[in-house]
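Every number here is computed from the coordinates shown, using simple stated rules; none is lab data. What you are looking at is a predicted structure, and each value in this text was computed from that prediction instead of being measured. Don't worry about glycine lacking a Cβ; one is built from the backbone with ideal geometry, like all the others, and counts go over all protein chains shown.
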Amino acid sequence: MNRIVITALLLCCSNVFMTFAWYGHLRHLAHKPWIIAAIVSWGIALFEYFLQVPANRIGHQVLSVGQLKILQEVITLSIFVPFSVFYMKEKISLDYFWAGLCLLGAIFFIFRSRIFGS
């Protein structure tokens, strides 16, 4: 399988863990002391790192660090929007669309030499 595809799949999986580590406690542990939420979040984040570190190592063989970062940001928004709407029950706004357009611009600029040549 292509290294970029493997990287993207690992980053998607790691991002699910990261999103729950960062925001899941707001729904389930809001009544607990913050230190409990932090410890639970660290435990979830451990699994995120088990996926994210190999993803970046594999991806860095074929992508620059900047390209890896933009790929991660696109994946982050792709995971976060459904999480916030379906899991956290927040309303989606037009701001998500504008943020997505900005990321499309970032994708174009960071990958244009790869797409159009040097």
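Place a +1 charge on the Cβ of each Lys and Arg in region 1-90 and a -1 charge on the Cβ of each Asp and Glu, then give the dipole magnitude about the Cα centre in debye, rounded to the nearest 20.
In total the dipole reaches around 60 debye.
Could you grab the relative contact order for region 26-118? Cα pairs under 8 Å, six or more apart, rounded to a whole percent.
Taking the mean separation of contacting Cα pairs over the length of region 26-118, I get 26 percent.
Given (i) 1.20; (ii) 1.52; (iii) 1.27, which label gives Cα Rg over 2.2 N^0.38 Å as computed from the coordinates?
(i)
Starting at the first residue of region 23-33, write each ³J(HN,Hα) from the Karplus equation 6.51 cos²θ - 1.76 cosθ + 1.60 with θ = phi - 60°, in whole Hz, x for Gly and Pro.
10, x, 5, 5, 8, 9, 10, 4, 8, 9, x
Please check: in the Gaussian network model of the chain (C-alpha springs, under 10 Å), which one of Glu73, Glu48, Glu90 has the largest mean-square fluctuation.
With Cα springs under 10 Å in the chain, the top fluctuation among Glu73, Glu48, Glu90 is at Glu90.
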